[in-house]
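Right, one structure below, let's go through it.
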Amino acid sequence: VLLAAIGGYKWDNLPADQRPEQGLLGLRAGLGVFANLRPANILPQLIDASSLKREIVEGTDIMVVRELIGGIYFGKPKGFGVDEHGHKTGFNTMIYSVPEIERIARVGFETARKRKNRLCSVEKSNVLEVSQLWKEVVCRVHQEEFPDVELSHMYVDNCAMQIIRAPTQFDTIVTGNIFGDIISDAASMLTGSIGMLPSAAVGTSGPGLYEPVHGSAPDIAGTDKANPLAQVLSAAMMLRYQFGEEEAATKIEKAVSDLLDDGYRTGDIMSEGCTQIGCVKMGEILMQKIKA
């Protein structure tokens, strides 16, 4: 499934169960796509578009493996109530079972094996019982099944700081749903724009879900300002991981790289000396390069 960004301000006043985001959560759960792969690698052409200094971000190549259909976004009970003082409360439940942690840990270790063989497990085990179980299970899976992979552990608040301070220290990160949501968005800005980042959500079998990391950006809808490249690169990930079409995926990725080499940019990744174009023109040039 190749999915575009969803959501927008005009639905914000609807009841929670009628908002587009709830449909997305239901689609993920229905497909059983529990592992979200979110790469954050900086392209040489876009180093100067990053909000961080060149010497900090150069060489960044991170893969965040985020658990996608568990944790606080899906845990129950959740809802609204009233406390003993009569004040309205809101509550959610952050919960993971051993099998849920085992399967996402395995994806993390297997992903790390295909990269630089280093996995950092991110949690908050100093204060959260759910994270204490997470760390326990990840350590056991490492010892029993993946002793060749270098495993480290980091609290999520420290990770948020370290990914900005020294991003090249990371290779593969495995973490829970809400932590992965936040960390992968922070990592996206290392690359110059969240508009450049694709993602894949996969399960043990059946179709995967391929979508850009960015949201729907309703503030620029209809203005021809959006960067289409994350959506395009998500299609490349689908061709590679879902259908095994390596040649087609590589052709799309090369077209994107060639386009950037030629100096074409949307506003979010614009740099001095480049040519700023809109979403439509970017798509037209990209198609020309794919067909060339």
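The values are calculated or read from the model by the stated rules, or taken from the named source; none is laboratory data. It should be emphasised that the depicted structure is a prediction, and the values quoted were computed from it without experimental measurement. For neighbour counting, all protein chains shown are included, and Cβ atoms are generated from backbone atoms with ideal geometry for every residue, glycine included. Heads up: the accessible areas ignore ligands, DNA and RNA and are worked out on the full protein's heavy atoms, side chains in. Shrake-Rupley method; radii C 1.70, N 1.55, O 1.52, S 1.80 Å.
Here the dipole of the chain is about 220 debye; that uses its Cα centre as origin and unit charges on the Cβ of Lys and Arg (positive) and Asp and Glu (negative). Converting phi to 3J(HN,Hα) with the Karplus coefficients 6.51, -1.76 and 1.60 and the offset θ = phi - 60°, the range 183-196 yields 5, 5, 5, 5, 5, 4, 6, 5, 7, x, 6, 5, x, 9 Hz in sequence order, with x at every glycine or proline. Relative to the longest principal axis of the Cα atoms of the chain, the long axis of helix 156-165 makes an angle of roughly 20 degrees.
Amide H to amide H, with H built 1.01 Å from N, K225 comes under 5 Å of C279, counting only residues 5 or more places away or on other chains.
With the highest mean first, a sort of the peptides 202-210, 269-277, 185-193 on other beta-carbon atoms found within 10 angstrom per residue produces 185-193, 202-210, 269-277.
Taking label points 7 Å from Cα along the Cα-to-Cβ direction, D258 and Q18 give a separation of 4.9 nm. Between amide H atoms placed 1.01 Å from N, distances below 5 Å from S216 occur with I6, all of them 5 or more places distant or on a separate chain. Across all C-alpha atoms in the range 230-292, the radius of gyration and Dmax reach 12.4, 39 Å. Solvent-accessible surface of the chain, averaged per residue with a 1.4 angstrom probe and all protein chains in place: 49 square angstrom.
Its relative contact order, with pairs defined as Cα atoms under 8 Å and 6+ residues apart, puts the chain at 22 percent. In the frame of its principal axes, the range 199-258 has Cα extents of 37, 29, 12 Å, reported largest first.
Could I get the Rg over Rh figure for the chain? Both from C-alpha atoms, Rh via Kirkwood, rounded to two places.
Taking Rh as the inverse mean 1/r over Cα pairs, Rg/Rh reads 0.98.
Shape verdict for the range 86-142, please, from the Cα gyration tensor: rounded (a/c under 1.5), prolate (a/b greater than b/c) or oblate. It is prolate, given that a/c is not under 1.5 and a/b is the larger ratio. Note on the range 7-68: Cα-Cα pairs beyond 16 Å make up 64% of the total pair count. Surface composition of the chain: carbon plus sulfur atoms contribute 54% of the solvent-accessible area (1.4 Å probe, protein chains only, all chains present). Given the range 19-141, report the % of alpha carbon pairs whose separation exceeds 23 Å. For the range 19-141, the share of Cα pairs beyond 23 Å comes to 50 percent. Per-residue packing, averaged as other Cβ atoms within 10 Å, sorts the ranges 127-140, 6-19 into the order 127-140, 6-19, beginning with the highest. The alpha carbon centroids of the range 1-75 and the range 143-178 are separated by 18 Å.
For the range 128-242, relative contact order (Cα pairs under 8 Å, six or more residues apart, normalised by length) works out to 19 percent. With axes computed from alpha carbons, what is the tilt in degrees of helix 20-31 against the longest principal axis of the chain, rounded to the nearest 10 within 0 to 90? It works out to around 80 degrees. A simple charge model with +1 on the Cβ of Lys and Arg, -1 on the Cβ of Asp and Glu and nothing else charged puts the dipole of the range 47-170 at about 260 debye relative to its Cα centre. Applying a threshold of 22 Å to the alpha-carbon distances of K53/K124; K76/K124; K251/K281 flags K53/K124 as lying beyond it.
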